[in-house]
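Asker: Take this structure, written in C-alpha cells, and hold onto it; I'll ask about it next.
Please treat every number below as a calculation from the coordinates, not as lab data. Source: prediction; values computed, not measured. All Cβ positions, glycine included, derive from the backbone under ideal geometry; neighbour counts span all protein chains shown.
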Amino acid sequence: MAKKGHRQHIILESTESGHSYHTTKNKNNTSERLEISKFDPKLRRHAIYKEKK
C-alpha cells in the first residue's frame, strides 16, 4: 500500500499548445503554482508550462 504524504498529482499545460505533462509536487514546500520550461513535442522546441487547476 502506498504511503500517505504531502505530494499531490498536478497537470502542467503548455501556454502555446494544448500539450500537457503529469507529475507530482509537495504542497508544503511549494504552495504557489509551478511554471517550468519543458520540451513541447507539438512545437518541437521548449515552451513554458504552467500548472493547471
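Asker: For a quick check: with amide H placed at 1.01 Å from N, whose amide H comes under 5 Å from Asp40's, ignoring anything fewer than 5 positions away on the same chain?
Answerer: Under 5 Å from the amide H of Asp40 lie the amide H atoms of Arg45, His46, Ala47, each far enough along the sequence or on another chain.
Asker: Now, a different point. Check which residues have an amide H placed less than 5 Å from Leu34's amide H, if you skip close sequence neighbours.
Answerer: Glu51
Asker: Can I ask one more? Looking at the chain, identify the longest residue range that excludes and avoids all GluC sites (Glu not before Pro) in DSSP loops having at most 15 other Cβ atoms within 10 Å. Walk me through the intermediate numbers first.
Answerer: Working: sites that count: Glu16, Glu32.
Here the longest run is 33-53.
Asker: Using amide H atoms built in the peptide plane, which far-off residues or other-chain residues are under 5 Å from His19 H to H?
Answerer: Ser14
Asker: Per-residue HN-Hα couplings for the range 16-31, Karplus 6.51 cos²θ - 1.76 cosθ + 1.60 at θ = phi - 60°, whole Hz, x for Gly and Pro?
Answerer: So the J values, rounded to whole Hz, are 9, 9, x, 5, 9, 10, 10, 7, 10, 8, 8, 5, 5, 7, 10, 7.
Asker: With charges only on Cβ, +1 for K and R and -1 for D and E, what is the dipole size of the range 7-52 about its Cα centre, in debye, rounded to 20? Please report the intermediate quantities before stating the final value.
Answerer: Working: 10 positive and 6 negative charges, 26 e Å.
So the dipole magnitude of the range 7-52 works out to roughly 120 debye.
Asker: Nearest 0.05, what FRET efficiency do Arg45 and His6 give at R0 = 25 Å with Cβ-Cβ as r?
Answerer: Details: r = 34 Å, r/R0 = 1.34.
Working from the Cβ atoms, E equals 0.15.
Asker: Using the 2.2 N^0.38 Å rule of thumb for compact globular proteins, work out how the chain stacks up: its C-alpha Rg over that value, please.
Answerer: On the way: Rg = 12.6 Å, N = 53, 2.2 N^0.38 = 9.9 Å.
Its radius of gyration relative to the 2.2 N^0.38 Å reference: 1.27.
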